[in-house]
Amino acid sequence: MTTIAPGGRIGILGDGQLGRMMAMAAAEMGYFVHVFGPGKDSPAAQVSHRSTVADYTDKAALDAFARSVDVITLEFENIPTETLTYLSERVPVRPNARVLEITQDRYFEKIFISNLGIGTANFANVENIDELVQAISHIGTPSILKTRRLGYDGKGQARIDQASAIDPIWEEMQGAPSILEEFVKFRMEISVIVARGVDGETACYCPVENRHKNHILATTLAPADISKRLSSRAEEIAVEIATKIDLIGLLAVEMFVTEDDTILVNELAPRPHNSGHWTIEACAANQFRQIIRAVCGLPLASPVRHANAVMTNLLGNDIADWPKILQDPDNSLHLYGKGEPRDGRKMGHVTKLLPLNKKP
Ligand code: ATP
Ligand code: MG
């Protein structure tokens, strides 16, 4: 079935804060959400109609999940592709397994992007120390070694400053297939979130600037302070990738803007993204409503922004500041219902709206 009308049942793979905000948007539109993930009392399960706590490889649980929903989407790209293939034999899965196959692996992802003629940092596949030596001789230093799979928030990455002294760095990767990337001297990090519907229609939120602390997103400023030309180019790149990868749903495209105003794509995420949380307050239709519309085969909403915004993540003990945050009447506070505020754990975020004529 192409269109899932309101009242239908949406399955979400993954049970974190992105699933939580998707589930709330789906409920606002009259859908019933069934969330599937490994965690008990998860942020998403707390606000969903149904939840299944099971491993992504549990076939019996996946069968029951597939029977209970009309369409499946995800909040997390590291679901085994076999799981997606298995589910898609039973019910539409949007985005599809191939999108995940590409975006789960930094090497496949970069090959895919550069085959479209879109710029990335120079990169090379590295599977052993000899290949690392080879790669450094091509790419030079400084450079960054990243595991191909399962990295997030800068985990599984090491900076290489000298071609010597690489043994301990390779040791740290524990033999995991990796890529070596040229270190980009960017002047700004931006991202574009694009939605693509069942019929190929696309809609982009404006490019935003992302500032990181300790490799974790700290703040998003909407819009990014870049020229019209760069902004259009960034959107064009996002639409091109979403179209060529045959996405249904949302795709976040993280990019570097270099000193000479070249855009290089860093990373893709085929799901709602932390750098799109500002859309909840600042856009007529936020990223979570938009993905629900896309995966249900509904027409996309306008991504137009009616305010500028600054979104700040609340990591670990930052949430203890909630009373102070609420003192500012322009702040919108979001908390994810997570238990222990471990260091660096995303516990919530706060968005402050600004007038359209005021730079964030
Ligand atoms: P996240 O989950 O936050 O997206 P991640 O672990 O998937 O992060 P990346 O996005 O590749 O990894 O890297 C995290 C951050 O490290 C980037 O946002 C950027 O600030 C920095 N970084 C990554 N690759 C490069 C590079 N080639 N040159 C310069 N800085 C880089
Ligand atoms: Mg990233």
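Quick notes
- Which listed residue is away from ligand 1 (no atom under 13 Å from the Cβ) and not polar (S, T, N, Q), from 269, 238: 238
- Search result, residues across the range 54-65 that are surrounded by fewer than 15 Cβ atoms within 10 Å (Cβ to Cβ) and among the acidic types (Asp, Glu): 55, 63
- Evaluating residue 127 against the criteria (1) without any contact (Cβ under 8 Å) to a residue 40 or more places away in the chain; (2) farther than 23 Å from residue 243 by Cα; (3) of a type in the set (Asp, Glu) leaves one unmet condition, (1).
- The criterion of at least 2 residues that are surrounded by 19 or more Cβ atoms within 10 Å (Cβ to Cβ) and among the aliphatic types (A, V, I, L, M) is met by the following strands (runs of 3 or more DSSP E) wholly inside the range 267-360: 308-315, 346-354.
- Test set (1) surrounded by 19 or more Cβ atoms within 10 Å (Cβ to Cβ); (2) of a type in the set (Gly, Ala, Ser); (3) more than 16 Å from ligand 2 (Cβ to nearest atom) - residue 121 fails condition number: (3)
- Within the range 159-179, restricting attention to residues that are in contact with a Lys or Arg (Cβ under 8 Å, 6 or more places away or on another chain) and part of a strand (DSSP E or B), the residue that is nearest to ligand 2 (Cβ to nearest atom) is 179.
- When the range 161-207 is filtered for residues that are over 30 Å from residue 71 (Cα atoms), within 16 Å of ligand 1 (Cβ to nearest atom) and of a type in the set (Val, Ile, Thr), the ones remaining, listed by number, are 169, 179, 184, 190.
- Single residue of the range 124-158 satisfying the filter (within 23 Å of the chain's Cα centre (by Cα) and charged (D, E, K, R)) that is surrounded by the most Cβ atoms within 10 Å (Cβ to Cβ): 146
- Matching residues in the range 26-53 - criterion: being surrounded by fewer than 22 Cβ atoms within 10 Å (Cβ to Cβ), of a type in the set (Gly, Ala, Ser) and part of a helix (DSSP H, G or I): 27
- Scanning the range 136-157 for residues that are modelled with pLDDT of 90 or more and either within 13 Å of ligand 1 (Cβ to nearest atom) or assigned to a loop (DSSP other than H, G, I, E, B) (or both) turns up 139, 140, 141, 142, 143, 144, 145, 146, 147, 148, 149.
- Selection of strands (runs of 3 or more DSSP E) fully inside the range 198-258 by the criterion of at least 2 residues being of a type in the set (Lys, Arg) and either more than 15 Å from the chain's Cα centre (by Cα) or modelled with pLDDT of 95 or more (or both) returns 208-213.
- Qualifying residue in the range 78-97 (condition: in contact (Cβ under 8 Å) with a residue 24 or more places away in the chain, of a type in the set (Asp, Glu) and touching a strand residue (DSSP E or B) at 6+ places or on another chain (Cβ under 7 Å)): no
- Conditions (1) within 15 Å of residue 288 (Cα to Cα); (2) in contact with a Lys or Arg (Cβ under 8 Å, 6 or more places away or on another chain); (3) at pLDDT 95 or above; number of the one not met by residue 30: (2)
The values are calculated or read from the model by the stated rules, or taken from the named source; none is laboratory data. Note that the coordinates shown come from a computational prediction; the quantities given were computed from them, not determined experimentally. Cβ: placed from backbone, ideal geometry, glycine included. Neighbour counts: every protein chain shown.
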